[in-house]
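The block underneath contains the structure these notes are about, expressed in structure tokens.
The values are calculated or read from the model by the stated rules, or taken from the named source; none is laboratory data. All values derive from a computational prediction rather than experimental measurement. A quick note on method: Cβ atoms are made from the backbone with ideal geometry, for glycine too, and the neighbour counts reach across all protein chains shown. Accessible surface areas use protein heavy atoms only, side chains included; no ligands, DNA or RNA. Shrake-Rupley method; radii C 1.70, N 1.55, O 1.52, S 1.80 Å.
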Amino acid sequence: MTDAIGCPLDVTDPTGLPLPPGDLGLPYVGETLHFGRDPHRFVAERRARYGDVFKTHLLGAPTVFLLDEGGNGWIFRGEGDYLENHWNPTTRRLLGGSCTAMLVGEEHTRRRRLLMPQFRHSAMSAFAPTFLRLAAAHYERWAAAGEPVTLIPANQKLVFELIVALLLGDDPSVDVAYLSRHFRLWTAGLAAVPVNLPITTYGRALRANRKLRAAISGIVRRREGLREQPPDLLGAILSIRDEDGRPLAHDEVVDEAHNQLFAGHDTTVTVMTNLMLQLAQRPDALARARAEASMLDSAADLEALRRLPYLNAVLDESMRAVTPVIGSFRVMRRDAVYRGYRIPAGWTVRLEIAGTHENGRVWPDPARFDPDRWLDEAKRPPHSYIPFGGGPRICLGANFAQAEMRVMLALLLRDYQWELEPGQDLRYRHIPFPRPRSGVRVRFGRQ
Ligand code: HEM
């Protein structure tokens, strides 16, 4: 098979083919510091210098970046064959090793197959009234606060309640505030220097994680005794059986539940915050989206929401212009070839989601937030828009995320207004999630 410019996409014998161009940087640290300072600039500079395939050295491993949609397809097709998922040891330690995101091969495929029914689009309408109820309660509190609202922490509280509702249903015995507090301390450790001392962020994260896991473990124990599981995600996890009819071990259930909380939280918080910022900065787009949302009978009608062209264009464009998960890593299981370059076994490969969305060939003037680009009928190449990844590891919660974000956005547009507070620092920090430094302070009220 060849790509659009006639290079072999995969050949059986890569021996003798060149490595991608690029610089491995300093011994051990490689170019990690450059990447960490500004991953977008890192990619843009190397794209200009080397093109869409280059090598570097990040986090202790030689790494190849693939920046075009063909490279994304190559990564998605290679899962379980020439490459597999890869997490750095620090994140692995914080996430636990037996959840969907960590599994590979047959075990990963089986776990996904068993959890999938819980995440189908058709299963989402059961959650829509809960999305609406929880979001409305939070927005009413923001409106009544009488002082500016900082969107990052405010959205964190709201979105945590939404993901707990998916995972645990409406269980009144669950102390959501306790879970939320320890969850926040734990996730702060994901971007911290991994030094485990009582005073370090990482040390605090490990302690909070133990408490969080103990609380989840207690909830799981109570549920393990039930003859019939409630129709929530934990129920689905507890109903998983292997080919010999055995359920997951207790710790595996805790890992999976814990990981779903993580995967479904900061991602959505990032999108909702950036979306509100982008709309506040573009009153024309806000007015058009409002006009569309005002036609809805209910902001919880998922089928009607799916059919609103401008609202969905705003959401897609928000995640394109400020990509919430900027990328992830795979590790090569054997030598393979992309665009005539050999990518050796043991090297890391970067799925560069933000770089894909910033490719000016597919997205003219990529830095501009422009929902109109979604309204033309032009066909875009496959894998050129991948906020939820793709292939066998595509985001398991994509339908849930889209449903909850559409409901929140429709409600905001229909019933509320917000304005940016002057004098705040809206420059972005990119890691672990792209968010403005100020946390985005707004004056928020009813329309
Ligand atoms: C706007 C919100 C979200 C975004 C942008 C997002 C993005 C992503 C991306 C890019 C991946 C794939 C990473 C890779 O290929 O290495 C992923 C995987 C995953 N996501 Fe999401 N996600 C979101 C919300 C959610 C929610 C709400 C849940 C669960 C309730 C969830 C659960 C997962 C899981 C379990 C995986 C791992 C899948 C696997 O490895 O098979 N995500 N997500």
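Where only DSSP H runs of four or more residues are counted, the chain gives -14500 deg cm²/dmol as its mean residue ellipticity at 222 nm, each run worth -39500 (n - 2.57). Evaluated with a Cβ-only charge set (Lys, Arg +1; Asp, Glu -1), the chain carries a dipole of roughly 980 debye about its Cα centre, given to the nearest 20. The modelled label-to-label distance between residue 195 and residue 226, using points 7 Å beyond Cα along the C-beta direction, is 4.5 nm.
Normalised by 2.2 N^0.38 Å, where N is the number of residues, the C-alpha radius of gyration of the chain stands at 0.99. Taking the stretch 166-208 and a reference point 7 angstrom along Cα→Cβ of residue 427, no backbone N atom is nearer than 14 Å.
What ranking of 342, 37, 204, 222 comes out by heavy-atom accessible area, probe 1.4 Å, highest first?
Working: 342 65, 37 170, 204 100, 222 130 Å².
Output order, biggest surface exposure first: 37, 222, 204, 342.
Compute the whole-percent fraction of alpha carbon pairs in the stretch 254-327 spaced more than 14 Å apart. Mind dumping the intermediate values first?
Values: 1811 of 2701 pairs.
Within the stretch 254-327, distances greater than 14 Å cover 67 percent of Cα pairs.
Accessible surface area normalised per residue over the stretch 199-281 is 42 Å², counting heavy atoms of protein chains with a 1.4 Å rolling probe. A straight chain from residue 394 to residue 446 at 0.36 nm per residue would run longer than the Cα-Cα distance by 15.0 nm.
Evaluated at q = 0.21 Å⁻¹, a Debye calculation over the C-alpha positions of the stretch 324-447 (equal weights, vacuum) places log10 I(q)/I(0) at -1.48. A cut-off of 5 Å between modelled amide H atoms, ignoring neighbours fewer than 5 places along the same chain, links residue 22 with 55. Can you tell me which lysines have their Cα less than 27 Å from the Cα of residue 157? Leave out same-chain residues fewer than eight positions away. Partners found: 211. Surface exposure of the stretch 297-447, expressed per residue as accessible area with a 1.4 Å probe, stands at 41 Å².
When all protein chains stay in place and ligands, DNA and RNA are ignored, the 1.4 Å accessible-area order of 86, 138, 34, 40, largest first, is 34, 86, 40, 138. Where both bridge residues fall in the chain, DSSP classifies roughly 85% of the beta bridges as antiparallel.
All other residues with a Cβ under 13 Å from the Cβ of residue 176 taken together, and with Lys, Arg as +1 and Asp, Glu as -1, what is their net charge? Combined, the nearby Lys, Arg, Asp and Glu give -1.
Just need the relative contact order of the chain here, percent rounded to a whole number, with Cα pairs under 8 Å and 6+ apart. Present the calculation step by step, with values, prior to reporting the outcome.
Working: 670 pairs, mean separation 110.3, N = 447.
Relative contact order comes out at 25 percent.
Tell me the per residue accessible area of the stretch 37-152 using a 1.4 Å probe; a whole number in Å² is fine. The partial results should precede the final answer.
Working: 4850 Å² over 116 residues.
Accessible area per residue, the stretch 37-152: 42 Å².
Computed over neighbours whose Cβ is under 15 Å from that of residue 111, the net charge equals -4, Lys and Arg +1, Asp and Glu -1. For the residue pair residue 24 and residue 45, what label-to-label distance in nm results when each label sits 7 Å from Cα along the Cα-to-beta-carbon direction? For residue 24 paired with residue 45, the spin-label model returns 2.0 nm.
For the stretch 90-229, the fraction of 1.4 Å probe accessible surface lying on carbon and sulfur atoms is 56 percent. Protein heavy-atom surface of the stretch 248-395, 1.4 angstrom probe: 54% of the accessible area is carbon and sulfur, with nucleic acids and ligands not counted.
Keeping every protein chain in place, order 24, 95 by accessible area at 1.4 Å, biggest value first, i.e. largest first.
24, 95
A straight chain from residue 316 to residue 334 at 0.36 nm per residue would run longer than the Cα-Cα distance by 2.9 nm. Which residue, 155, 209, 88, tops the fluctuation ranking in a GNM of the chain built on C-alpha contacts under 10 Å? In this elastic network of the chain, the residue with the biggest mean-square fluctuation among 155, 209, 88 is 88. Stretched out straight at 0.36 nm per residue, the stretch from residue 110 to residue 33 would grow longer than its current Cα-Cα span by 23.9 nm.
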